[in-house]
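No value in this document is a laboratory result; all are computed from the given coordinates. Here the structure is a predicted model, which means the values were calculated and not measured. Please note: Cβ atoms are built from the backbone with ideal geometry, for glycine as well, and neighbour counts cover all protein chains shown.
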Amino acid sequence: MAGLGLCAGAAGVTRKRGGIAILGGGMAGLSAAWRLSEPGWRDRFEAITVYQRGWRLGGKGASSRGPHGRIEEHGLHVWMGSYDNAFAMIRECYVELDRAETDPEAPIHSWDQAFVPSDHLGIADRFDDDWLVWPGGLARNDELPGEPGATGREFTAVDFLRRALRLVLDLADSLPLPDADAQGPTAADSTAEWLQVVRWGILAMLATLAKPLGRETISNASMTHVLDAIREALDYEHRPDHRRFWLFLSLQTATVRGIIAENLMTDPRGFRAINDEDFCAWILRHGAHPDVVDFPLVRGLYDMVFGYEDGDFTRPALAAGVALLLTGIALFQYKGAFFWKMTAGMGDVVIAPLYQALRRRGVEFEFFHRVDALHLDDRRQAIGAITIGRQARLADGAKEYQPLIRVGGLPVFPNRPLAEQLDGPAPGDLESHFGDRTDVETRVLRKGIDFDHVVLASSLGMVKLVAGELIADSAQWRDMTTNLRTVATQAFQLWLRLDEQTLGWNHPGVTTSGYVAPFDTWASMPQTLWAEQWPRNDQPRTVAYFCGALAAEWPNAKDMADPDAYVASCREKVLTDAVAYLDNHVGLYLPGAVTEQGFAWQLLFGANGHRGAAALETQHVSVNIDPSDRYVQSVPGSDKYRLRSDESGYDNLLLAGDWTDSGCNAGCVEAAVMSGLQAANALLGRGHGYRIRGFYQL
Ligand SMILES: Cc1cc2nc3c(=O)[nH]c(=O)nc-3n(C[C@H](O)[C@H](O)[C@H](O)COP(=O)(O)OP(=O)(O)OC[C@H]3O[C@@H](n4cnc5c(N)ncnc54)[C@H](O)[C@@H]3O)c2cc1C
């Protein structure tokens, strides 16, 4: 990276001082800033400045506080126990903040007060015409995510195979014991018999699969025969648990068979070798029963990554290799618990602490700075200038915008700009690409004057808009922006007067997926209520977060001719779908919240006699259609077009975001953090994988 100005000094390689502009303050941009600003950073760089549109940080992981200090998220966020890089960073951040000393009033001082293990998982399971909830959980272990000094190792196809086979054996061992009181075909004696058949069958199957591990040894006919025998021994048609078990077996068998048949254990590309194919197509090709495609765990996997093209739930799309890698890491490498949930908003317990610690280190933040275009220099080898729309000016005397307020002592982001710090009224929606653009000024940052190095950390949808010159200049950029896909998302949160138990739900804190589109995911979030500021004598007892993909295609020229109408029509669609969901479907989880007339709107805090969409408008509804807010997908055939953080092709440009090739190529917090750290590594002249933890194919 010649343009970074490396030069040899007496003590080895040193770096010319220069300024770094980080464009975008989401998890990736903040992670890049975190590593770049480690102790001693001023010896290397003049300044590190984060340019961020609007008044808050966090991007897709942003949350802020609304009426009664309620937590308003961009969309439901949970962290997986396998997010070792993200947890390591947030743990470092809390240690450095040392709130016990520096801010004893703040109710959250440490990472383990900010996150709690979350064991209750649920999957919605359709059985004939009925929906059931398949509650579950994965056993806790005594590890902790992000332990100081931990490293991690590569997670290979061989690991996956070993653990998958183990899982099948464990599952067979956990099959229900004969029920002495059972009647009919599942009575005790025949149960004992089928249990025996199932166990022998599994052992026979594992023997076929495992010895020796070569593609020529797999006899599809014999495997199918054993699977059929197991299926016949089960009451597949009538018992949901038997059906689940067999479908799980079919899924696992197909997966293991596929890994072996395609030599993924020895292929240097590992799971990447199958990223051109959709996961469902891949398992079907390796003999999974057709019903597996609708198996709740498979649907839940697609739901988790909003894996539907253009938000169309009839077009599931998830690269097979990404699916295997993610499930493998999530299932087999989690620390503590499978999920960890935040005890307040992600803006409160992750983004605000990062902002505070970075600020303390001397990183600067330019809020109300919307990046509009990157410009190449005359040689077309580096970023020469950046055009920025300045959305608001600070009030006289204000040196910098201070974005945080306190709610219950906790530093948090408000849900609108703090007008008293601004010169004039706060302009309209500062986070919307479709909103009013009456900027107070156009700023042009120039290389060598305002910056030397650039970290592009605004998300993929926005990259397409601001990097037009690069896309016109470079085939790699054209390929990347054409082949990677994004999808709009939607989310809403409800605050209800009755507790979950009274409403009919007995697993507080559960996170469920796999249910009807578009709000396929629901999370019970009672652990956040303490942080809100409801009147003492009138407090919500249930808070519920719903989320899913949104079929809102990239706006066309007609939409852009009247952007307000486009935004309004998307919002109306979300409200209509949410009302239909509450009237017709939420009863699966909260039967007590539904009457014969549909959803009991009077249960909502603040609904004040309104019903339907008007009542929902009193809750928090998030319509995520902004280009940068669109979720980055992992559709088949796209992985090979991702660029690594250090592969922009321009001397002074690094890339950071869950859209880069970080090794964890899916839209998640861990990918964003890894990418930010990798961008920093490149700028610091370190190897791509330097101090990156985990099990990824970097
Ligand atoms: C609804 C939803 C739910 C999710 N749930 C989970 C979950 O449970 N667990 C999980 O791990 N992941 C989840 N994700 C994914 C996760 O949020 C993202 O992977 C992660 O936040 C991406 O971070 P990023 O920094 O790459 O991008 P972003 O968060 O998009 O950050 C981009 C930043 O750039 C700023 N920006 C954009 N354009 C401009 C501009 N022109 N000028 C200046 N600034 C700009 C943005 O405001 C933002 O601050 C979810 C995503 C969505 C949409």
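Say R0 is 60 Å: what FRET efficiency, to the nearest 0.05, do residue 438 and residue 139 get from their beta-carbon distance? Please report the intermediate quantities before stating the final value.
Working: r = 56 Å, r/R0 = 0.93.
With R0 = 60 Å, the Cβ-Cβ based efficiency is 0.60.
Over all distinct Cα pairs, what is the inverse of the mean 1/r for segment 595-637, reported as the Kirkwood hydrodynamic radius in Å? Intermediate values should be presented prior to the final figure.
Values: mean 1/r = 0.0763 Å⁻¹.
Here the Kirkwood hydrodynamic radius works out to 13.1 Å.
For the chain, take the alpha-carbon Rg, divide it by the Kirkwood Rh, and send me Rg/Rh.
Working: Rg = 26.0 Å, Rh = 26.6 Å.
My calculation puts Rg/Rh at 0.98.
Considering Cα pairs under 8 angstrom that are at least six residues apart, work out the relative contact order of segment 486-629 and quote it in whole percent.
On the way: 230 pairs, mean separation 48.0, N = 144.
After rounding, I find 33 percent.
Report, in degrees rounded to the nearest 10, the 0 to 90 angle that the Cα long axis of helix 84-97 makes with the longest principal axis of the chain.
Computed tilt is about 50 degrees.
Given the peptides 628-639, 42-53, arrange them by the average over their residues of other C-beta atoms within 10 Å, most packed first.
628-639, 42-53
Could you work out how far apart the two model spin labels at residue 478 and residue 314 are, taking each label as a point 7 Å from the Cα in the direction of the beta carbon, and quote it in nm?
In this crude label model, residue 478 to residue 314 measures out at 3.4 nm.
Please list the non-local residues whose amide H lies under 5 Å from the amide H of residue 81, H modeled 1.01 Å from N, same-chain partners needing a gap of 5 or more.
Counting only residues 5 or more places away or on other chains, the set is 335, 339, 340.
Summing -39500 (n - 2.57) over the DSSP H runs of n ≥ 4 in the chain and dividing by its residue number, what mean residue ellipticity at 222 nm do you reach, to the nearest 500 deg cm²/dmol? Present the calculation step by step, with values, prior to reporting the outcome.
Details: 20 runs with 220 residues, N = 698.
Calculated from helices alone, the mean residue ellipticity at 222 nm is -9500 deg cm²/dmol.
Can you list, largest first and rounded to whole Å, the semi-axes you get for segment 214-319 by taking the square root of 5 times each eigenvalue of its Cα gyration tensor?
Numbers: eigenvalues 111, 95, 16 Å².
Ellipsoid semi-axes (Å, largest first): 24, 22, 9.
To test your reading of the geometry: what angle, between 0 and 90 degrees and rounded to tens, separates the Cα axis of helix 157-173 from the longest principal axis of the chain?
40
Pairs 399/447; 464/573; 60/335; 341/464: which are spaced more than 29 Å apart, C-alpha to C-alpha? Don't skip to the answer; put the middle values down first.
Values: 399/447 24 Å; 464/573 26 Å; 60/335 24 Å; 341/464 33 Å.
Violating the 29 Å Cα-Cα cut-off are 341/464.
When ranked by the protection proxy of mean other Cβ atoms within 10 Å per residue, highest first, what sequence do the peptides 116-122, 435-441, 80-86, 679-685 form?
Details: 116-122: 19.9, 435-441: 13.4, 80-86: 26.7, 679-685: 23.9.
Put in order of decreasing packing, that is 80-86, 679-685, 116-122, 435-441.
Just rank 90, 123, fewest to most, by other beta-carbon atoms within 10 angstrom. Write down the numbers at each step before the final one.
Values: 90 25, 123 21.
Ascending number of Cβ neighbours within 10 Å: 123, 90.
More than 21 angstrom separation, counting every C-alpha pair in segment 486-629; what % is that?
Details: 4572 of 10296 pairs.
Tail of the P(r) past 21 Å holds 44 percent of the pairs.
In Å and on Cα atoms, what radius of gyration and Dmax does segment 280-431 show?
So, for segment 280-431, Rg and Dmax equal 23.1, 69 Å respectively.
In degrees between 0 and 90, to the nearest 10, how far off the longest principal axis of the chain does helix 669-683 point, with axes built from Cα atoms?
Its long axis makes an angle of about 40 degrees.
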